[in-house]
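Read the structure below first, then the notes.
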Amino acid sequence: MVLTGRLVALAALGVLLAAWSTAAVLIFAAALIVSVGIDLALAGRIADLRIVRDVSAPVRLTERGETVLVIANTGRRVLLALARDAWVPSAGASPRSQDVVVRPGERRHVVTALVPTRRGERRAGRVTIRSHGPLGLAARQRQLDVPGTLQVLPAFASRRFLPEKLSRLRQIDGAVLVRQRGQGSEFDSLRAYVIGDDVRAIDWRATARSRDLVVRTWRPERDRQIVLAIDTGRSSAARLGDEPRLDAALDACLLLGALAARAGDRVALIAADISVRARLGLASGRDVLPRLVGALAPLEPALVETDPQLLAAEVLRQVSKRSLVVLFSALDTAADTGLLPAARVLAARHEVIVASATDPALARLAAARADAGDVYLAAAAELTSAKRAVVVEQLGALGAHVVQAPTEVFASHVADTYLDLKAAGRL
Amino acid sequence: MSTPAPREIAAGALVRPAWQRLRVGLVLALVIVLGAVLVGSLADRPGQPLDPISARTNGSKALVRILAGYGATVVPTTDLNTAIAGSGTVLVTAPDAYSTDQLQRLAAAPGRLVLVEPGTRATTAVAPGVSLDPNGRGDEFPGCRDAGAIAAGRIALPDDVVPYDVGRVDATSCYGGAVVSAPNLVLLGSAKLLQNDTLAGAGVAALDVNAITADRTVRDVVWLRPGGDAAGSGPASIWDLFPDGAYRAFWWLIAVGALLVLWRARRLGGVVTEPLPVIVRSAEVVEGHGRLYLRAGARDRAAAALRAAAKERIRARVALPRGATPDQVAVAVAPVVGRSPAEVAWLLGGPAPADDAMLLRLAIDLDRLETAVGGAVSARVVAQSDARTHARPDARPAAPTDARTDKEHR
């Protein structure tokens, strides 16, 4: 049972009667109690409602989605209600509650806008219906479990790099490879010679058949395999600026996926810490990005020490052909976590990129000179950097490529490395 | 769309019946009521002074029993009109609680009147001329010709007795003014004469019985305790200062306040909890490491780390091979910065600083040296070292690609 402001206001007026006479105020109180009882009895029955929830398709972070509650009244009384569709705070549900009137046999839509502030699966809480009586003095209230989730996809902030990277991809596809006859480049077509073409590309047989000079063109290999291996362990939870390191990795994954889809390569995904958190088989073409986004959306960092060997073993299981393995991890702690042996196993069979978003806090610590305490911190930061440099050197010796960049350009640098390798025909 | 088709949910299946929803509350209410009844019946009643059913020391249950033993029935009441309508004795336990007018109506009633500790106003109302005697001490012996008092004889007089001065009024003053009797009227100078704990004193019970029942001629006793109709100046109440309805309005407003609380406190549904993501501070290990150095005063380690980092950056800047010693770097750098090689060598590889101030100076000197060498301050250098590094020279963008292909075609 819920009392309303109207009842309180009426009761407050009763103070005049109370000052006047005992009998009057007693009658008034009895009248109020009876009215409340009548109001409750006449209020629409909540048990007679049928509710369907419809949640909108997955939305990107900070974009607007919505959820619709279709409330059908199968009872005989009109439902005058205040309905609240509760969601977790990060789902950004608004408005908080809405008035809804459902006549017997009718159905009404209660639309709640959702502007999520966190990635992943945002869960609905319970639906609360407060059914007012016709006098508006009292109401019945119940909470109903009407489950629903909104898929919130990563923001894909690195989309802004995509046009630039695609134009580079087109260059590699055409002009650049004309001059290049690297191993693994596939024969594409014959075309007329234009000034500037590499003379070594002239196909003399074809030239003999035609009246002009003809050159062969190549295009970069297609149908190469890329495996995105993401470490979701403790080091991925570290906050670089505002967001965890994992988010930078996801952003880079999306850019790489979009690029690879355009380049005609096939993409697979493994995310693991001490167990596999997400796995996606090889996909190509238009499929790649939606599938990738769907698999990445619910990933969250876990407070466990990652087992890089597990990640390596999963990658090896996933692909047998020589592939490009992009390992998203942290280099700051790599010396302690056994990343090197795992990279060695992978580098023996695949082309490996180890990508790690760098920590701006480290540079800040290394530069601080305010007092002696700062200098000790700076020394510790320098030691960490030195350790990382050693790891980078060792990875280089294994034949792996290392990408380190601040979060803002991390995705761009990872994509560049991929394009470099592609241009070099190393895939 | 990958989401499954929405399922219709019947609220009826989710709403539990009323008896299920309310059962906890009902059980609690029942327990509270039963508990209150139980405690109330077991506990010693608090009891007011001169309460005819109170067995406490200041009650009067004993006297009521004694009166019953003599065949008198005691009717407790708080209603003045009942008392006035009674034909027997009216015992007023707190005469001062009644107004003069009410006392006069009592006195005018046909029955016998017994007043306990009346003040001067009360005595003036029922027996004009009788007043409190501030100098009186009371007396253990009757000292009068009243039959009841003589029958009671010597009594154990309470210490707080307030005697009365009868003056020239037609009344009998006994026990030195502690008990005043007139026709159909008795004034008792002390409430203790009626209370359980002092009733056993010599002669007290006899005096009481004689006074109340008029020597056992009266069988109906109305025991009047002050109730809502007591309009006297007795125990004054704050409500006397307000108009009539204020009392009701006050309690009504309290009730409205309770309604207000019930209205505002009711939430529209419960709190939805957010499963929060884990948060790990990025440089926590580094900071911990640095603080350990600070606590241990590990100046040698700290200085070595700073020197090694500075040397490495300067070495890269002046293009010396990897693994060059500080001395080699110093020799290469000294002419560039215009310092002596020994000085630079000391900066890059000298002994550990003796105290924290020297460590700080060393760090700043190293920064200056780096700046002088042409590199920016260490922050920028770090930023540069954060930039992309490629393990293989041939993986660098653009130019190396060409270099490699050229080599292959050669």
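The values are calculated or read from the model by the stated rules, or taken from the named source; none is laboratory data. Since this is a predicted model, take the numbers as computed values, not measurements. Virtual Cβ from ideal backbone geometry, glycine too; neighbours counted across all protein chains shown. Heads up: the accessible areas ignore ligands, DNA and RNA and are worked out on the full protein's heavy atoms, side chains in. Shrake-Rupley method; radii C 1.70, N 1.55, O 1.52, S 1.80 Å.
Residues being more than 9 Å from chain B (Cβ to nearest Cβ) and either among the hydroxyl-bearing types (Ser, Thr, Tyr) or more than 23 Å from A:Arg130 (Cβ to Cβ) (or both): count how many of those fall in region A:57-74.
8
Kindly indicate which of B:Gly177, B:Gly143, B:Gly136, B:Gly148 is in contact with a strand residue (DSSP E or B) (Cβ under 8 Å, 6 or more places away or on another chain) and closer than 27 Å to B:Thr77 by Cα.
Numbers: B:Gly177 fails: closer than 27 Å to B:Thr77 by Cα; B:Gly143 fails: closer than 27 Å to B:Thr77 by Cα; B:Gly136 fails: closer than 27 Å to B:Thr77 by Cα.
After ruling out the rest, the residue left standing is B:Gly148.
What number goes with the only condition from (1) open to solvent by less than 60 Å² (accessible area, probe 1.4 Å); (2) facing chain B (nearest Cβ under 7 Å); (3) charged (D, E, K, R) that A:Asp54 does not pass?
Unmet for A:Asp54, out of (1) open to solvent by less than 60 Å² (accessible area, probe 1.4 Å); (2) facing chain B (nearest Cβ under 7 Å); (3) charged (D, E, K, R): (1).
Can you tell me which residue is farthest from the chain's Cα centre (by Cα) among those in region B:109-138 that are among the charged types (D, E, K, R) and buried (at least 16 other Cβ atoms within 10 Å of the Cβ)?
Step one: list which residues in region B:109-138 are among the charged types (D, E, K, R), which gives B:112, B:117, B:121, B:133, B:137.
Keeping just the survivors that are buried (at least 16 other Cβ atoms within 10 Å of the Cβ) gives B:112, B:117, B:121, B:133.
On the way: B:Arg112: 51, B:Glu117: 41, B:Arg121: 44, B:Asp133: 49 Å.
Checked region B:109-138; the qualifying residue farthest from the chain's Cα centre (by Cα) is B:Arg112.
Identify, from the list B:Thr78, B:Thr73, B:Thr82, the residue that is modelled with pLDDT of 85 or more and of a type in the set (Ser, Thr, Tyr). Spell out how you get there, then give the answer.
Numbers: B:Thr78 fails: modelled with pLDDT of 85 or more; B:Thr82 fails: modelled with pLDDT of 85 or more.
Selected residue: B:Thr73, the only one of B:Thr78, B:Thr73, B:Thr82 that is modelled with pLDDT of 85 or more and of a type in the set (Ser, Thr, Tyr).
If the Cβ limit is 8 Å and pairs must be 6+ apart or interchain, which residue in region A:99-116 that is within 12 Å of A:Asp85 (Cα to Cα) pairs with which residue that is hydroxyl-bearing (Ser, Thr, Tyr)?
Close Cβ pairs satisfying both conditions: A:Val111/A:Thr67; A:Thr112/A:Thr67; A:Thr112/A:Ser94; A:Ala113/A:Ser94; A:Leu114/A:Ser56; A:Leu114/A:Thr67.
Please go through region A:78-93 and pick out each residue that is within 14 Å of chain B (Cβ to nearest Cβ) and either part of a strand (DSSP E or B) or under 20 Å from A:Gln141 (Cβ atoms) (or both). I'd like the intermediate steps shown before the answer.
From region A:78-93, those within 14 Å of chain B (Cβ to nearest Cβ) are A:79, A:81-93; that's our starting set.
Passing the criteria: A:Leu79, A:Ala81, A:Leu82, A:Ala83, A:Arg84, A:Asp85, A:Ala86, A:Trp87, A:Ala93.
Of everything in region A:123-147, what is more than 8 Å from chain B (Cβ to nearest Cβ), touching a strand residue (DSSP E or B) at 6+ places or on another chain (Cβ under 9 Å) and not in a strand (DSSP E or B)? Give them in sequence order.
Hits for region A:123-147 are A:Gly133, A:Pro134, A:Gly136, A:Leu137, A:Pro147.
What number of residues within region A:201-255 are surrounded by fewer than 16 Cβ atoms within 10 Å (Cβ to Cβ) and charged (D, E, K, R)?
So the answer is 7.
Yes/no matrix, rows are residues, columns are (1) in contact with a Leu (Cβ under 7 Å, 6 or more places away or on another chain); (2) closer than 29 Å to B:Val161 by Cα; (3) not assigned by TED's automatic domain parsing to the domain that holds B:Trp223:
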{"site": "B:Gly25", "(1), (2), (3)": "no, no, yes"}
{"site": "B:Leu34", "(1), (2), (3)": "no, no, yes"}
{"site": "B:Pro52", "(1), (2), (3)": "no, yes, yes"}
{"site": "B:Gly69", "(1), (2), (3)": "no, yes, no"}
{"site": "B:Leu103", "(1), (2), (3)": "no, yes, no"}
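Do we have any residue at all in region A:80-91 that's open to solvent by 60 Å² or more (accessible area, probe 1.4 Å), of a type outside the set (A, V, I, L, M, F, W, C) and either over 22 Å from the mean Cα position of the chain (by Cα) or on the phi > 0 side of the Ramachandran plot (or both)?
Kept after step one, since they are open to solvent by 60 Å² or more (accessible area, probe 1.4 Å), are these residues of region A:80-91: A:80, A:89.
Those still in the list that are of a type outside the set (A, V, I, L, M, F, W, C) too: A:89.
Now drop any that are not either over 22 Å from the mean Cα position of the chain (by Cα) or on the phi > 0 side of the Ramachandran plot (or both), which leaves none.
Checked against the condition, which is being open to solvent by 60 Å² or more (accessible area, probe 1.4 Å), of a type outside the set (A, V, I, L, M, F, W, C) and either over 22 Å from the mean Cα position of the chain (by Cα) or on the phi > 0 side of the Ramachandran plot (or both), region A:80-91 yields no hits at all.
Any residue that is touching a Pro at 6+ places or on another chain (Cβ under 9 Å), acidic (Asp, Glu) and either over 25 Å from A:Pro406 (Cα atoms) or surrounded by 20 or more Cβ atoms within 10 Å (Cβ to Cβ) (or both) - is there at least one of those in region A:285-297?
no
Please list, ordered by first then second residue, the pairs with beta carbon atoms under 6 Å, 6 or more apart or interchain, first in region B:261-278 and more than 7 Å from every other protein chain (Cβ to nearest Cβ), second surrounded by fewer than 14 Cβ atoms within 10 Å (Cβ to Cβ) and of a type in the set (Phe, Trp, Tyr).
none
Which one is nearest to the chain's Cα centre (by Cα), of the residues in region B:65-108 that are of a type in the set (Ser, Thr, Tyr) and surrounded by fewer than 22 Cβ atoms within 10 Å (Cβ to Cβ)?
Within region B:65-108, the subset of a type in the set (Ser, Thr, Tyr) is B:70, B:73, B:77-78, B:82, B:87, B:89, B:93, B:98-100.
Within this subset, residues satisfying the condition of being surrounded by fewer than 22 Cβ atoms within 10 Å (Cβ to Cβ) are B:70, B:73, B:77-78, B:82, B:87, B:99-100.
Working: B:Tyr70: 53, B:Thr73: 48, B:Thr77: 38, B:Thr78: 36, B:Thr82: 44, B:Ser87: 52, B:Ser99: 41, B:Thr100: 44 Å.
Top of the filtered list is B:Thr78.
Say whether the condition of being without any contact (Cβ under 8 Å) to a residue 40 or more places away in the chain and of a type in the set (A, V, I, L, M) is met by at least one residue in region B:55-67.
Narrowing region B:55-67 to residues without any contact (Cβ under 8 Å) to a residue 40 or more places away in the chain: B:65.
Filter once more, keeping what is of a type in the set (A, V, I, L, M): none.
Within region B:55-67, not a single residue is without any contact (Cβ under 8 Å) to a residue 40 or more places away in the chain and of a type in the set (A, V, I, L, M).
Please go through region B:113-171 and give me each residue that is of a type in the set (D, E, K, R) and in contact with a helix residue (DSSP H, G or I) (Cβ under 8 Å, 6 or more places away or on another chain), ordered by number. Can you show your working first?
Here is the first cut: in region B:113-171, the ones of a type in the set (D, E, K, R) are B:117, B:121, B:133, B:137, B:139-140, B:145-146, B:154, B:159-160, B:165, B:168, B:170.
Across region B:113-171, the qualifying residues are B:Glu117, B:Arg121, B:Asp133, B:Arg137, B:Asp139, B:Glu140, B:Asp160, B:Asp165.
If you take the residues in region B:145-157 that are crowded, with 18+ Cβ neighbours inside 10 Å and not β-branched (Val, Ile, Thr), which one is farthest from B:Val130 (Cα to Cα)?
Residue satisfying both the conditions and the ranking: B:Ala152.
Going by what's in this entry, would A:Leu421 be described as touching a residue at least 60 places away in the same chain (Cβ under 8 Å), of a type in the set (A, V, I, L, M) and either assigned to a helix (DSSP H, G or I) or more than 9 Å from chain B (Cβ to nearest Cβ) (or both)? Quick ask: steps written out before the conclusion?
Details: touching a residue at least 60 places away in the same chain (Cβ under 8 Å): yes; of a type in the set (A, V, I, L, M): yes; either assigned to a helix (DSSP H, G or I) or more than 9 Å from chain B (Cβ to nearest Cβ) (or both): yes.
Here the answer is yes, as A:Leu421 does meet what is asked.
Which residues, taken from region B:66-99, are hydrophobic (A, V, I, L, M, F, W, C) and closer than 18 Å to B:Pro110 by Cβ? Full working, then the answer.
Initial filter on region B:66-99 (hydrophobic (A, V, I, L, M, F, W, C)): B:66-68, B:72, B:74-75, B:80, B:83-85, B:90-92, B:94, B:97.
Hits for region B:66-99 are B:Ala72, B:Val75, B:Leu80, B:Ala83, B:Ile84, B:Ala85, B:Val90, B:Leu91, B:Val92.
Only one of these is modelled with pLDDT under 90 and part of a helix (DSSP H, G or I): B:Ala308, B:Ala231, B:Ala316. Name it.
Numbers: B:Ala308 fails: modelled with pLDDT under 90; B:Ala231 fails: part of a helix (DSSP H, G or I).
Just one listed residue meets the conditions, B:Ala316.
From A:Ile27, A:Ile46, A:Ile33, A:Ile71, which residue is touching a residue at least 60 places away in the same chain (Cβ under 8 Å) and either farther than 30 Å from A:Ala155 by Cβ or β-branched (Val, Ile, Thr) (or both)? Can you show your working first?
Values: A:Ile27 fails: touching a residue at least 60 places away in the same chain (Cβ under 8 Å); A:Ile33 fails: touching a residue at least 60 places away in the same chain (Cβ under 8 Å); A:Ile71 fails: touching a residue at least 60 places away in the same chain (Cβ under 8 Å).
Sole residue among the options that is touching a residue at least 60 places away in the same chain (Cβ under 8 Å) and either farther than 30 Å from A:Ala155 by Cβ or β-branched (Val, Ile, Thr) (or both): A:Ile46.
Just give me the residues in region A:100-122 being surrounded by fewer than 19 Cβ atoms within 10 Å (Cβ to Cβ), at pLDDT 90 or above and within 12 Å of chain B (Cβ to nearest Cβ), in sequence order.
A:Arg107
For region A:348-370, which residues satisfy the criterion of being more than 7 Å from chain B (Cβ to nearest Cβ) and open to solvent by 20 Å² or more (accessible area, probe 1.4 Å)? If you could, list the steps in order and put the result at the bottom.
First, the residues of region A:348-370 that are more than 7 Å from chain B (Cβ to nearest Cβ): A:348-357, A:360, A:364, A:368, A:370.
Correct list: A:Ala348, A:Arg349, A:Pro360, A:Arg364, A:Ala368, A:Ala370.
Taking A:Thr67, is it within 25 Å of B:Arg267 (Cβ to Cβ) and either outside any strand (DSSP E or B) or in contact with an Asp or Glu (Cβ under 8 Å, 6 or more places away or on another chain) (or both)?
Values: within 25 Å of B:Arg267 (Cβ to Cβ): yes; either outside any strand (DSSP E or B) or in contact with an Asp or Glu (Cβ under 8 Å, 6 or more places away or on another chain) (or both): yes.
Criteria met by A:Thr67.
Which one is surrounded by the fewest Cβ atoms within 10 Å (Cβ to Cβ), of the residues in region A:392-409 that are within 28 Å of the chain's Cα centre (by Cα) and at the interface with chain B (Cβ under 7 Å from one of its Cβ atoms)? Spell out the reasoning first.
Going residue by residue through region A:392-409, those that are within 28 Å of the chain's Cα centre (by Cα) are A:400-409.
Now narrow it down to the ones that are at the interface with chain B (Cβ under 7 Å from one of its Cβ atoms): A:400-406.
Values: A:Ala400: 23, A:His401: 26, A:Val402: 26, A:Val403: 25, A:Gln404: 21, A:Ala405: 23, A:Pro406: 18.
That would be A:Pro406.
In region A:371-391, which residue that is acidic (Asp, Glu) and assigned to a helix (DSSP H, G or I) is farthest from the other protein chains (Cβ to nearest Cβ)? So that I can check it myself, show each step before the final result.
Filtering region A:371-391 down to residues acidic (Asp, Glu) leaves A:371, A:374, A:382.
Cutting the leftovers down to assigned to a helix (DSSP H, G or I) gives us A:374, A:382.
Working: A:Asp374: 8, A:Glu382: 4 Å.
Checking each candidate, the answer is A:Asp374.
Collect the residues in region A:38-51 that are at the interface with another protein chain (Cβ under 8 Å from one of its Cβ atoms) and open to solvent by less than 40 Å² (accessible area, probe 1.4 Å), keeping them in residue-number order. Walk me through it before giving the result.
The first filter runs over region A:38-51 and keeps only residues at the interface with another protein chain (Cβ under 8 Å from one of its Cβ atoms), leaving A:46-51.
Within region A:38-51, A:Ile46, A:Ala47, A:Asp48, A:Leu49, A:Ile51 meet the criteria.
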